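Here is the structure we will look at, set down as C-alpha cells.
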Amino acid sequence: MLSKDIKISLTNLMTTDLHIHSGLQCIFMLRGQVAIDVEGQRIQLAPEDLLVINSNRPHTTIAKDNNVALILEIQPGFLRNQCEDFASGVIRCHCIGHSDESSHYYGLKRALTRMLYTAIKKESGYQLDFKVELLRFIHILFTNFRETTEEEPDAYKQAKNINHILAYLDDNFYHPIKLEEMAKREHMSPQYFSKYFKRKTGYGFLEYLTSLRLKHALQSVLETDESIIKIALDHGFANAKSFTTAFKKEYNDTPGNFRKSHQSDNHLKRDDADLAEINLNVDIELRDFMQYMRKYDINLEQVGQNKTSHKIALNQKQESLVFPFENILNVGKAETAIHTNLIERLDTLNKHLGFKYVHFDLEHHFIPNNIQYSLIVCQQFFRLVDGAKQADMVPFLKIAMDQKYLHLSLEEIEEHVKNQINTFLFCVLPIYDEAYLNQWKIQIYPDLNMKEEICQMVYHAVHKEIKKKLPAMEVGYHALNEMDRIEKQRFSHFLAYAKKENVLPDFITFGIFANHKKKNYLDTQFFFPELKSYYLEVIDTIGQSYQAVQAPLPTLYMSEWNTLMGDLDHESILYLRSAIILDALLEVNPHVKGVGCWADSSVSAIYSGEPPITSLSLYLIDEVRRPIYTMLEMLKRLGSVIVYQQDGILVTLNAKEEYNILVWNSHYLNPSFCMDDPTTESLCKNINVKLTHMKPGNYRIKKVTCNKQNSGAITQIINAGYPDFSDREVFNYIKYNIAHGLNVYEESILTGSYLFNTNLSYNGVILYIIKKQPDT
C-alpha cells in the first residue's frame, strides 16, 4: 500500500533558497504565479501550468502572494518498485497553459486532481482508488516524458556534478562527512571543492550540510518522542550540545522547547503512517479546488447522486419513428447573405445539417418607384436564389405587412398587393423552371399593429395571384409567436375568414418567443418548468383552431424561434443550452415538418428584440457552430426506426445498420445565472447503458460530444470588450472551448452485450454511433 514515499499537497508555495528534494516533484499551479530556478533556467509558472522536477535537482522558488499549487512528491524507491527502468532516465515535463483533452498533459492533470479528491473524501476503498490514479500518473510520465538518450541539455550537463554531490549528501547526511572526504570523492583538492560548492549552491559546505541535517531532525523532533541526544546522533551531529546550538541558531529555540510548543498542533503528524501524506493547510476553500476537479473530471460525489441505468435489447423495435426535418435556414433579408459568406456555405449547411429551405423577406421594394434601388434589391434576390438552387435548396419567402397599409383603404391595399405579386412573378417565371418554382413557399406574416381586415386582405390577394400563375406553389400563413390571448383570437378569426373565402393556407408557420414571460425569466433562477410542454401547447392551440372551423390541419413549420428563451449575446451560442434545444426538437418532431434556425444572430435580433452579436456571426456558421447547428447535425445522424426511448436517451437504427444512441441531460434552469453555482453542478449526470443481443464481432464506435465545461468562454470574451476576432489565437481559444468533438474507436464484442458509461454535465449531449464491421 501507500507509504511515506508519497506526499500530496494543496499548498501556498513560499520563496525558498537553493534546496533539493530526494523524490520526484510535480507542481500543478491552480492560482497565482511562482518562478522556479532549476538546471540553469528560470521557469515561470502561472495557473494551468505544470512542471516536474527530477529527484535531487537543486532549485530555488520565487513566489508571489496568494498562490495555490497542487504538489505531488514521489520518492525514488517507490518509483523503482513500480518500474525498475524508471531510474534510468530523466523526466522532461513542462506544460504551459490549458491542455487539450487528447493531450498527455491533460491526463496528468486529471490524475492529480482525482488523487487529491480521493484522498480528501476518504470513502471506502479510497486507498486503492488513490493508487490507481497514482500509477496512471506514473505510467504517463514514464511512457511520454522520460528521456533515456545520452544527449543531455547543456544546463543539465553543467549541473550534473553538483547534483551528484547533493544527492550523496541527502542520502548520507546522518554519517560523519568531512569536506576533505567529499573533495577526494570528486577528485578535487579541498580548496577547489570548497570554492566549487559555494559557487554552485551559494552555501558553504558545512553550512549546507548542517541545514540539511536540521531539516530532517526537525521532523523527528515534532513527530516522535525520542530523546534529543538520540535525534542528534541519528542525524549526523557529534553530540547533543552541537545539535542544540545549531538548532537554536536556526529556529530561535532549543529542540525541547520547540517540541513542547509545536507538537500538539503540528499539521505534519500523520494519523496513519500507511497512507499518503496529505497537506491541506492552505488558504483556499475546497469548493474553489472543485473548479479544477470539474474541469479535469466530473465530481464523483455528484455523479453518485444522479446516476441512471438502461438495459437495451437491440433486437427490439418500436413502431414510432423519428421523422427527418425539412430544416429552414433563416437569413432575414437577401442582403444579409450577400454581405457575408453565407451563399458559399449553403451547400455545406444543406449536406451536414439537412437545410432544405432558405427563409428570407420578399421585400416590398422589389420593383418600386425608385428603380435604382429596386435593381439592387433584385440583384440581391437573384444571387441568393441562384446560390440556393445550386446547393439544392428552395426559397421560403416571407411577405410582411407594408407599413404604408396603415394609411390606405382596403381597395388600395388589394391593388398594391396584386401589382407587387405580379411584378415578382413576371421576374421569376422566365428564369426558373416551373418544377423548381412549385417547390417554393410563400409565407404571409401578419402584423398585430394592423387591423385584422388588412392582414386578411393581404393574404387573400397574395394567395389569389400566386395560384393563378402557379397553382402548385404553396402559400402559408404565420399563426402564433406566443400563447397570447389576442394572437390566438386573431388566428381563429383568420381561419374562419379563409375557409369562408375558400383560401385556407397550404401550410402554417409559427414561432416560439414567449416574450410575455421574459420578466419572469430574467428574475427567476428556476424558470419555466412547463417550458418543455410549451411547444406542444402552441401546436395543440393551432390544431384546436382548425377543429373549430372543421378543417384538416395542414403541414406545420416552426419557422422562427429563438432556440429557447434568452439573450442571444449571452446564451444562444453556448453549449449550456444544447440539451434543452435537443429536447425541444424531439418534442415537436412528430408534429412539425421543419424547424427554422438563424444563420446570423444579428438578423434574429431584428425580429425578437434581442441584442445582436454581429462580431461573431461570420464564424458561427461553419467552424464554430452554434448549439442549434450541432443538435441538427446529431438529429441528422439518427436513424428513423426507434429501438428504445426514455427520458434522456434515444436509440435508433438507420438504413446503414448503424445503431445511434443519443443521451442528454436537460435541465430548464435559467442559464443566465452563474454557471459555477453549486446548484448547477449538482445537476451533472452519470448514465450506464448496457446493450444486449448484439452479434459477436468487431464494432466501430463513433462518439460525438457536446458536453464542454467551459461553455461560458464566449460570454467572458464578449464581456471583456469584443476583441478582434480575426486574431487566430482568440478564435482558436473560442473554437476549442465550444466546438464539439468526435472520437472513433473499435471494440471486440464476443458475449453479445456491451456496457458503456458516460458523464454528462449540465445540459450536455453525447451521441454514440455503433456499427458492426464486416467479418474478416
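The values are calculated or read from the model by the stated rules, or taken from the named source; none is laboratory data. Bear in mind the structure is a predicted one, so any value in this text is a computation, not a measurement. Neighbour counts are summed over all protein chains in view; Cβ atoms, including those assigned to glycine, are modelled from backbone coordinates with ideal geometry. With ligands, DNA and RNA removed, areas are computed over all heavy atoms of the protein, side chains included. Shrake-Rupley method; radii C 1.70, N 1.55, O 1.52, S 1.80 Å.
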Seminar exercise, completed: Residues of segment 426-459 being out of contact with any Phe, Trp or Tyr (no Cβ under 8 Å at 6 or more places or on another chain) and either among the polar types (S, T, N, Q) or open to solvent by less than 50 Å² (accessible area, probe 1.4 Å) (or both), in sequence order, are V428, Y432, Y436, L437, N438, Q439, I442, Y445, D447, N449, M457
Exercise. Checking G236 against (1) on the phi > 0 side of the Ramachandran plot; (2) open to solvent by 30 Å² or more (accessible area, probe 1.4 Å); (3) not aliphatic (A, V, I, L, M), which test does it fail?
Worked result: (2)
Problem set entry | Among residues of segment 429-461, those that are in contact (Cβ under 8 Å) with a residue 12 or more places away in the chain, over 19 Å from I328 (Cβ atoms) and not in a loop (DSSP other than H, G, I, E, B), counted | 11
Exercise. In segment 581-600, how many residues are surrounded by fewer than 21 Cβ atoms within 10 Å (Cβ to Cβ) and acidic (D, E)?
Worked result: 1
For this session: Tell me which of these E207 doesn't satisfy, since it passes every other one: (1) of a type outside the set (A, V, I, L, M); (2) modelled with pLDDT of 85 or more; (3) open to solvent by less than 10 Å² (accessible area, probe 1.4 Å).
Result: (3)
For this session: Starting from segment 175-202, take each residue that is open to solvent by less than 80 Å² (accessible area, probe 1.4 Å) and list its partners that are among the β-branched types (V, I, T) and at pLDDT 85 or above, counting only C-beta distances under 9 angstrom and pairs at least six apart or across chains.
Result: G202/T60
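Would you point out the residue of segment 307-343, among those that are modelled with pLDDT under 80 and part of a helix (DSSP H, G or I), that is surrounded by the fewest Cβ atoms within 10 Å (Cβ to Cβ)? Before you say what the answer is, go through the steps one by one.
Restricting attention to segment 307-343, the residues satisfying the condition of being modelled with pLDDT under 80 are 307, 317-319, 335-342.
Subset that is part of a helix (DSSP H, G or I): 335-338, 342.
Details: E335: 19, T336: 21, A337: 26, I338: 17, L342: 22.
Going through the qualifying residues, I end up with I338.
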For this session: Just give me the residues in segment 471-497 being under 30 Å from Y436 (Cβ atoms) and more than 49 Å from the chain's Cα centre (by Cα), in sequence order.
Result: P471
For this session: Name the one entry in L179, L214 that is touching a Pro at 6+ places or on another chain (Cβ under 9 Å) and closer than 30 Å to V90 by Cα.
Result: L179
Exercise. Looking at (1) at pLDDT below 75; (2) touching a Leu at 6+ places or on another chain (Cβ under 8 Å); (3) open to solvent by 30 Å² or more (accessible area, probe 1.4 Å), which is the only condition L618 fails?
Worked result: (2)
Seminar exercise, completed: Flagged in segment 528-580 as out of contact with any His (no Cβ under 7 Å at 6 or more places or on another chain), open to solvent by less than 10 Å² (accessible area, probe 1.4 Å), assigned to a strand (DSSP E or B) and modelled with pLDDT of 85 or more, in numbering order, are Y557, M558
For this session: Return the total of residues in segment 636-670 being of a type in the set (D, E, K, R), surrounded by fewer than 16 Cβ atoms within 10 Å (Cβ to Cβ) and assigned to a loop (DSSP other than H, G, I, E, B).
Result: 3
For this session: Evaluate the following for Y497: is it hydroxyl-bearing (S, T, Y), within 24 Å of H416 (Cβ to Cβ) and open to solvent by less than 20 Å² (accessible area, probe 1.4 Å)?
Result: no
For this session: Please verify whether segment 216-238 includes one or more residues that are more than 30 Å from S261 (Cα to Cα) and at pLDDT 80 or above.
Result: no
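Residue under question is E363, and the condition is that it be farther than 20 Å from K593 by Cβ, of a type in the set (D, E, K, R), modelled with pLDDT of 90 or more and out of contact with any strand residue (DSSP E or B) (no Cβ under 8 Å at 6 or more places or on another chain); does it hold? Reasoning before the result, please.
Working: farther than 20 Å from K593 by Cβ: yes; of a type in the set (D, E, K, R): yes; modelled with pLDDT of 90 or more: no; out of contact with any strand residue (DSSP E or B) (no Cβ under 8 Å at 6 or more places or on another chain): yes.
No: the conditions fail for E363.
Select from segment 402-425 the residues that are closer than 20 Å to V358 by Cα and modelled with pLDDT of 90 or more and write down the one among them that is surrounded by the fewest Cβ atoms within 10 Å (Cβ to Cβ).
Going residue by residue through segment 402-425, those that are closer than 20 Å to V358 by Cα are 421, 424-425.
Okay, now just the ones that are also modelled with pLDDT of 90 or more, so 421, 425.
Working: I421: 22, L425: 17.
Among them, the one singled out is L425.
Of all residues being outside any helix (DSSP H, G or I) and on the phi < 0 side of the Ramachandran plot in segment 121-138, which is surrounded by the most Cβ atoms within 10 Å (Cβ to Cβ)? Just the residue, please.
E123
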Exercise. Do you know which residues across segment 462-507 are part of a loop (DSSP other than H, G, I, E, B) and not charged (D, E, K, R)?
Worked result: L470, P471, A472, M473, A479, L480, N481, M483, N502, V503, L504, P505
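Among K771, K695, which is the only one that is in a loop (DSSP other than H, G, I, E, B) and modelled with pLDDT of 85 or more? Steps first, answer last, please.
Details: K771 fails: in a loop (DSSP other than H, G, I, E, B).
The unique qualifying residue is K695.
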